[in-house]
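Enquirer: Here you go, one structure.
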């Protein structure tokens, strides 16, 4: 994997780089603060980021939030602290794993794999949510178009639905597109 390390302690950065490279990973950058981590993540587009929580300029959790907003990437937080409050903030920042310093070499690879797995699951859930939202919007538009047809043409609900479906097939368009066309036509037609 292509990895970015963000930690304000040079000794930690060097130690992590050595462990990661020994494990066959490529370290594409090392940031000394949260701001540079955000910038480097945009430039280097790493597969995963290892980031310290406590850093100058912008802490790791704030940086993680910005990175996830701009270009979602699996993030493993590093900390010398195992405080519950920090763990809760890490969850809210969409962090996918957590390591307490000093990082033990035998814990590093399983944690990276876990973070990648959790990230993939997060992406799938996020896509499902977006698909469901789009489906609800489409359904709502079809329902609105049915109501328009029922009022305007005196059709039953079933007849209005069948008319939308028939027009969709005739135009080779989705029912959502047909419903949008009906709603646009209705909005453009002055009421009597």
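The values are calculated or read from the model by the stated rules, or taken from the named source; none is laboratory data. Not measured: the values here are computed from a predicted model. Positions of Cβ are backbone-derived with ideal geometry, glycine not excepted, and every protein chain shown enters the neighbour counts.
Enquirer: Give the residues of region 1-26 that are in a strand (DSSP E or B) and surrounded by 20 or more Cβ atoms within 10 Å (Cβ to Cβ), sorted by residue number.
Expert: 3, 4, 5, 6
Enquirer: Since residue 166 meets every condition but one in (1) at pLDDT below 90; (2) exposed (fewer than 12 other Cβ atoms within 10 Å of the Cβ), which condition does it not meet?
Expert: Only one criterion in (1) at pLDDT below 90; (2) exposed (fewer than 12 other Cβ atoms within 10 Å of the Cβ) is unmet by residue 166, namely (1).
Enquirer: In the list 138, 179, which residue meets the criterion of being outside the structural domain of residue 51 (by TED's automatic domain parsing), more than 22 Å from residue 60 (Cβ to Cβ) and more than 26 Å from the chain's Cα centre (by Cα)?
Expert: Of 138, 179, the one residue that is outside the structural domain of residue 51 (by TED's automatic domain parsing), more than 22 Å from residue 60 (Cβ to Cβ) and more than 26 Å from the chain's Cα centre (by Cα) is 179.
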